[in-house]
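Q: Structure below; questions to follow.
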Amino acid sequence: MEQLVRIKYFKDGPITYISHLNLVQVFTRALRRADIPVVISSGFNPRFRISFGPPLPLGISSTSEYLDIRLKEEVKVEELTERLNLVLPQGLKILRAKTIPSSADSLVKVIDRASYLIILKIKEKLLDSATKNQENELKELKQEVEKNNKRFLNLDEITVEKQTKNGIKMVDIRPSILIISVKKFKKQILELGLDLKIGQQGNLNPRYVARAWISNFANNFDIIQICRDGLYVKGEEVI
Amino acid sequence: MDIKKILFEELLDKVKKPGRYTGKEFNEIVKEENASTVKVAFAFPDLYEIGMSYLGFKILYEIINKRDDALAERVFSPAVDMEKLLRERQIPVFSLETYRPLNSFDIVGFTIQHELCYSNILNLLELGHIPLRSDERKEDDPLIIAGGPGAFNPEPLSRFIDLFVIGEGEEIVGEIIEVYKRCKEKKQGRAKLLEELARIEGIYVPSFYKISYFKDGRVKSVAPKKETYYSVIKKQIISDFDKAAYPLFPIVPNIDVVHDRITLEIFRGCTRGCRFCQAGMIYRPVREKSVDTLIGLADEILAHTGYEEISLSSLSSSDYSEIESLITKLVDRFEEKGVGVSLPSLRIDSFSVALAQQVQRVRKAGLTLAPEVGTPRLRDVINKNVQEEDLYSSISAAFEKGWRKIKLYFMVGLPTETEEDVEGIVRLVSKVDRMGREITGRKISINISVSAFVPKPHTPFQWEAQEERESLFKKIRYLKNRLNWRNISFSYPDINRIYLEAVFARGDRRLGEVLEKAHSLGCKFDAWREQFNFEAWEQAFKDCGLNMEFYANRVREEDEILSWDHISCGVKKEYLLEEKEKALRGETTPDCRFEDCTGCGVCQLTN
């Protein structure tokens, strides 16, 4: 009996610097090392029947990525998780796995929302003056960040330059932004939470949003890290 | 300096293909170490995706990392975008395993795969903050060693390399580490270390030899500076090829590399005796691994890597004595897992086409054949030993078995070549095209790759001149025009690069100065079309008062001392000379596996 398994995994570190196509190959080889009986497509170039959720841009880590694997015969999901975790390269780890109906819609079809954690660092010059002029100034800076964030969300249009195959294109990214909020601002580190619409209509790179946000705030921050921390189907976690 | 932190926080977002610089692939080895661990860097003078395709380093990486007293890590040439960032911030080039700077290794080992990577060796030393010249290095600089096919004429690089390893590295690498350790324990310096290492057979320390020249530039003598040094350095071969260490845990790259598959070396060496082919001379004698050994290796490596393809590697795969049995067993065993077998370097005969057909059961692949030249006469001169009938019958077999695409390799500029031979290539391709249409009932696609002959050391053609560039260019242009059909794709090399390759292939020690000059003019990645700067090379030669024609286009006299005469690959010079004369007479020499001994002399290495 064929079995369709949906897997949630984690991606971090050096492995975030590979393309989505390479990631497919990394998983294919790991599945073969683990000797998992994956269904193989027929044709000139037989491939494993696995399919992924929306691709993650280069250099962005994630605590919730998803992958569907179609198996030739039944395997306990705990066993599959354990065997695969033994042979994945550094930076990839299966968090959980669940058997889903064989006819289930694909991940890219159902996932409609992604959340990101954007970690920014205040530029040195700003920090120097803030710490020198005591707590008050830092508080003021916090208020300013909040205010700026509101202002950013109230914009009707946020156009950014996007590098495409045919050169640079101007794109309005506002329609993709659902929420952006200040999560934490401690010492020189600012954490923003960002929710984007995602799915068949598009998959906006959160880096564009982060850059636009920073440029709206006099370019006083550097991007330290971006992490995808959730993918959702109609407000619910995928599995 | 925390290289890892800078790399991940600042550099990776600014370069193309950042996966080249991160390491941490499956099967990468990061070893525990202590103060006495001998730290070896394998420096590959080209990009990650080229270096990671190379079997030799995988073999040595595993051999060294298995030892308790040593570790091996990888360093590749950074691409130009990364090089710029490293130079701007004065960050030394580093290993992928521990992000350790190149200059903090004990030993740096280069592999020299071809002549067009020489400038990259200098560049990598500089990027590693290591003095370029051997005689400028201090006690705490790494020992710089080099091996691979390029070591068979070591002279052009002798100014920069402390010692060369001639021949197979599997066993000698352990001896080098032992001596290094002993010298380090006894706190003996660099000079003493080199003295000790020079006693090992197969090791050439160029600074221990004095080369003198005639006024016209020819080599007058090569003399060891002490009587105790070997006057001829003999290639080392491993004692038992079947049982020799083989990488069971090759690193599985996370990004695309050129050869991204399991490589099974089925045999080493080739005695077909093509007279232009250096590999066919320097890797002799022929030694095979048994079918059982190979099946065992395939099982293990597949379990450790999860690759989807196993490539059988050798200089001529269909010559493996039990090739049919091997292929049947491999295909049967791995078909169900979706793992294919591929067979590069096929000979031209119907038997080989049948083999190619068999491996297609899992994955379809193209068919590549190398007729090399256009006429039977010239094919005899180069000792290709392929009959015209075999060529056509194997191609028609291929079309009958369903191939619609074929790749053909040719070479121009070979000794004795005439216009008729060049015209022969056109005739041959036309006939293949016609056969394809007749058999398949439609147009087939033909991929033609034309290269130009480069005379290489240790071959019967080592005395020959490379044809003048102008004339090579004319021949290639002629072929390109004549074969300018829709169903043909035609590729050919940059003649200036082929020329530079010929200059360095038979270069002498004086070219060290030219290399330094060219490096200072920014020459690097000469094998890459977009980086190659021939004008800079011309300038470098001019500045050094040396002449490229002298090296590339000059016929060597039979009694001339060749700048690689003190390096022996086991094949005798008399044999090469005899082969050259037979070539000019159009006589062929059979393969000693099927007929009598040809007297090349290599078997003395095994006795």
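The values are calculated or read from the model by the stated rules, or taken from the named source; none is laboratory data. Keep in mind that this is a model prediction, so the values were computed, not measured. Cβ sites come from the backbone with ideal geometry, for glycine too, and all protein chains shown count toward neighbours.
Q: Looking at the stretch B:251-282 only, could you name the residues that are part of a strand (DSSP E or B) and either within 14 Å of chain A (Cβ to nearest Cβ) or of a type in the set (S, T, N, Q) (or both)?
A: Listed by number, the residues that qualify are B:252, B:262, B:263.
Q: Also: Residue A:40 - would you say it is at the interface with chain B (Cβ under 10 Å from one of its Cβ atoms), crowded, with 18+ Cβ neighbours inside 10 Å and either among the aromatic types (Phe, Trp, Tyr) or farther than 21 Å from residue A:112 by Cα (or both)?
A: On the way: at the interface with chain B (Cβ under 10 Å from one of its Cβ atoms): yes; crowded, with 18+ Cβ neighbours inside 10 Å: no; either among the aromatic types (Phe, Trp, Tyr) or farther than 21 Å from residue A:112 by Cα (or both): yes.
So residue A:40 fails the test.
Q: On the basis of being within 12 Å of chain A (Cβ to nearest Cβ) and not in a helix (DSSP H, G or I), does residue B:39 make the cut? Walk me through how you get there before you give the answer.
A: Numbers: within 12 Å of chain A (Cβ to nearest Cβ): no; not in a helix (DSSP H, G or I): yes.
Against the criterion (within 12 Å of chain A (Cβ to nearest Cβ) and not in a helix (DSSP H, G or I)), residue B:39 does not qualify.
Q: Out of the residues in the stretch B:40-73 that are buried (at least 21 other Cβ atoms within 10 Å of the Cβ), over 16 Å from the mean Cα position of the chain (by Cα) and free of Cβ contacts under 8 Å to residues at least 60 places away in the same chain, state the one that is nearest to residue B:253 (Cα to Cα).
A: B:73
Q: Out of all the residues in the stretch B:109-127, which are part of a helix (DSSP H, G or I) and touching a Phe, Trp or Tyr at 6+ places or on another chain (Cβ under 9 Å)? Show your work before the answer.
A: First pass over the stretch B:109-127, keeping only residues part of a helix (DSSP H, G or I): B:115-127.
Result: B:115, B:116, B:117, B:118, B:119, B:120, B:121, B:122, B:123, B:124, B:125.
Q: Mind listing just one residue for me: the one in the stretch A:18-37 that is more than 9 Å from every other protein chain (Cβ to nearest Cβ) and within 15 Å of residue B:254 (Cα to Cα) and, of those, surrounded by the fewest Cβ atoms within 10 Å (Cβ to Cβ)? Talk me through it step by step, then tell me what you get.
A: Quick first cut of the stretch A:18-37, residues more than 9 Å from every other protein chain (Cβ to nearest Cβ) only: A:20, A:24, A:27, A:36-37.
From the residues that got through so far, the ones that are within 15 Å of residue B:254 (Cα to Cα) too are A:20, A:24, A:27.
Numbers: A:20: 12, A:24: 17, A:27: 23.
Among those that are more than 9 Å from every other protein chain (Cβ to nearest Cβ) and within 15 Å of residue B:254 (Cα to Cα), it is A:20.
Q: Within the stretch B:365-422, track down each residue that is without any contact (Cβ under 8 Å) to a residue 12 or more places away in the chain and under 27 Å from the mean Cα position of the chain (by Cα).
A: Residue satisfying the conditions is B:379 alone.
Q: What tally of residues in the stretch B:160-218 results from selecting those that are outside any helix (DSSP H, G or I) and within 30 Å of residue B:279 (Cβ to Cβ)?
A: Restricting attention to the stretch B:160-218, the residues satisfying the condition of being outside any helix (DSSP H, G or I) are B:160-168, B:186-189, B:198-205, B:209-218.
Still in the running and within 30 Å of residue B:279 (Cβ to Cβ): B:160-168, B:198-205, B:209, B:211, B:213, B:217-218.
Qualifying residue count, the stretch B:160-218: 22.
Q: Confirm whether residue B:339 is more than 14 Å from chain A (Cβ to nearest Cβ), out of contact with any Ser or Thr (no Cβ under 8 Å at 6 or more places or on another chain) and at pLDDT 90 or above.
A: no
Q: Using the structure shown, decide if residue B:295 is in contact with a strand residue (DSSP E or B) (Cβ under 7 Å, 6 or more places away or on another chain) and either farther than 23 Å from residue B:590 by Cα or away from every other protein chain (no Cβ under 14 Å) (or both).
A: Taking the combined requirement at face value, the residue does not satisfy it.
Q: Wholly within the stretch B:500-607, which helices (runs of 4 or more DSSP H) include no fewer than the required count, namely at least 2 residues that are under 23 Å from the mean Cα position of the chain (by Cα), surrounded by 17 or more Cβ atoms within 10 Å (Cβ to Cβ) and not assigned by TED's automatic domain parsing to the domain that holds residue B:277? Step through it out loud before you land on a result.
A: Values: elements: B:511-520, B:534-543, B:548-552, B:573-585.
Hits in the stretch B:500-607: B:511-520, B:548-552.
Q: Ok, one more. Restricting the search to the stretch A:206-231, which residues are surrounded by fewer than 18 Cβ atoms within 10 Å (Cβ to Cβ) and more than 21 Å from residue A:145 (Cα to Cα)?
A: Scanning the stretch A:206-231 gives A:229, A:230.
Q: Now, a different point. Return yes or no: is residue B:88 under 30 Å from residue A:222 (Cα atoms), surrounded by fewer than 22 Cβ atoms within 10 Å (Cβ to Cβ), of a type in the set (D, E, K, R) and within 14 Å of chain A (Cβ to nearest Cβ)?
A: The answer is no for residue B:88.
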